[in-house]
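Take a look at the structure set out below.
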Amino acid sequence: MAKLACFLFLLALGQTFAARSSGGNSPDVVVRDFGFDSGRTSSASRGSSISSSRGSIWDDADDDFSTPKIQAWPGGIVPYEISSDISSTNAAALKRMFQDISDKTCVRFVPRTRSDKNYALIQSGNKCSAPLGMSTGSSSSKSSLLSSSSSSSTGTPSNIILGQSCFTTTRVARRIMNLLGIPHETSRPDRDDFVEINFSNLRPGYDKQVKQVARSAWLPGVLDVPYDLQSVTQYTDDDIAANTNNWAIRAKSRRNVQLGGDTFSSSDWAKIRKAYNCPSSSFSG
């Protein structure tokens, strides 16, 4: 009997560890391998969880989220262009992610044509960044990273910069969520009801990354979706802690809960559907 009890205890412990190691995804969330290649030998899917990347130029460095009003992509159509400096492997993985989003929401990613005034331009660089929603002003057109073929064409690009080490499902998914106008979960106005942030232990510059976005700036309906501790956009200690021996962010009421997910959560899909007014009965996931 004692041996049976011991076996059951070890089994439960192993299941708990597996759940926590998965990045906090709910059991019904399937972590799809889109086939991104970050150039790392580690099999970890969360790019920022690899210790050798800490403090490097590949850190998350999103554009300033102090926008007065987030702009959605009209009709849920996102024209895109993938720069030739993105490897064929990662370009294919991006297209698979675009298709997955289209399968689960009413948003559509379409190759850019010269008639598209506003479009998403995905390029290589030395950081992981994306604008919050569709760029319409002149600031994004000033980027020195524009390819010659794109800069010679008229239009306002929404620049997504992906350094080689940014190519993990988590990091790319965050950038695409931002591109669609969905801020990080830690930028919600109700954030402090659900998580605590140790501002004295944030990595340099990350006070901006956890800046809250005013309720008036959010796309309609997104904040109707409850706060999601397992959202792919939810920052973790691995992402923002200066000293990994001390906490930087944790759940407020359940401090043993693993924050963040390795891929889009069901709430992430719900936020996109709300933002783009997708028919509620047409999609699952």
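The values are calculated or read from the model by the stated rules, or taken from the named source; none is laboratory data. None of these values were measured; they are calculated from a predicted model. Glycine gets a Cβ as well: all are built from the backbone with ideal geometry, and neighbour counts include every protein chain shown.
Quick test for you: out of Ser265, Ser231, pick the one residue that is closer than 17 Å to Val107 by Cα and of a type in the set (S, T, N, Q).
Just a single option satisfies the conditions, and that option is Ser265.
Could you list, ordered by first residue, the pairs with Cβ atoms under 6 Å in which the first is in segment 87-100 and hydroxyl-bearing (Ser, Thr, Tyr) and the second is surrounded by 15 or more Cβ atoms within 10 Å (Cβ to Cβ), at least 6 apart or interchain?
Qualifying pairs under 6 Å: none.
Working only within segment 237-279, note down all residues that are in a loop (DSSP other than H, G, I, E, B) and polar (S, T, N, Q).
Asn243, Thr244, Asn245, Asn246, Ser253, Asn256, Gln258, Thr263, Ser265, Asn277, listed by residue number.
Residues checked against (1) assigned to a helix (DSSP H, G or I); (2) of a type in the set (Val, Ile, Thr):
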residue: Pro157; (1), (2): no, no
residue: Ile160; (1), (2): no, yes
residue: Ser165; (1), (2): yes, no
residue: Met177; (1), (2): yes, no
residue: Asp192; (1), (2): yes, no
residue: Lys211; (1), (2): no, no
residue: Tyr227; (1), (2): no, no
residue: Ser231; (1), (2): no, no
residue: Tyr235; (1), (2): no, no
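Of the residues in segment 174-203, how many are within 30 Å of Phe109 (Cα to Cα) and surrounded by fewer than 19 Cβ atoms within 10 Å (Cβ to Cβ)?
1
Search segment 82-112 for residues being out of contact with any strand residue (DSSP E or B) (no Cβ under 8 Å at 6 or more places or on another chain) and either of a type in the set (A, V, I, L, M, F, W, C) or closer than 18 Å to Val222 by Cβ (or both), and hand back the single one that is surrounded by the most Cβ atoms within 10 Å (Cβ to Cβ).
Step by step, filter segment 82-112, then rank; the result is Thr105.
Output the qualifying pairs, or none if there are none: Cβ atoms under 9 angstrom, residues six or more apart or on different chains, first residue in segment 238-259 and more than 21 Å from Asp193 (Cα to Cα), second residue assigned to a loop (DSSP other than H, G, I, E, B) and of a type in the set (Val, Ile, Thr).
Note: pairs meeting the criteria are Asp238/Ile50; Asp238/Thr244.
What tally of residues in segment 160-182 results from selecting those that are modelled with pLDDT under 95 and either small (Gly, Ala, Ser) or in contact with a Leu (Cβ under 6 Å, 6 or more places away or on another chain) (or both)?
Final tally of qualifying residues: 2.
Here are the criteria: (1) assigned to a strand (DSSP E or B); (2) surrounded by fewer than 17 Cβ atoms within 10 Å (Cβ to Cβ). Tell me which single one Pro79 does not satisfy.
Failing condition for Pro79: (2).
Looking at Gln209, Gln164, Gln230, which one is buried (at least 22 other Cβ atoms within 10 Å of the Cβ) and either touching a Ser or Thr at 6+ places or on another chain (Cβ under 9 Å) or of a type in the set (D, E, K, R) (or both)?
None of the other options fit; the residue is Gln230.
For segment 179-190, give me the residue count where each residue is touching a residue at least 60 places away in the same chain (Cβ under 8 Å) and either part of a helix (DSSP H, G or I) or among the charged types (D, E, K, R) (or both).
3
Quick check on segment 221-229. Is at least one of its residues modelled with pLDDT under 95 and over 18 Å from Ala173 (Cα atoms)?
no
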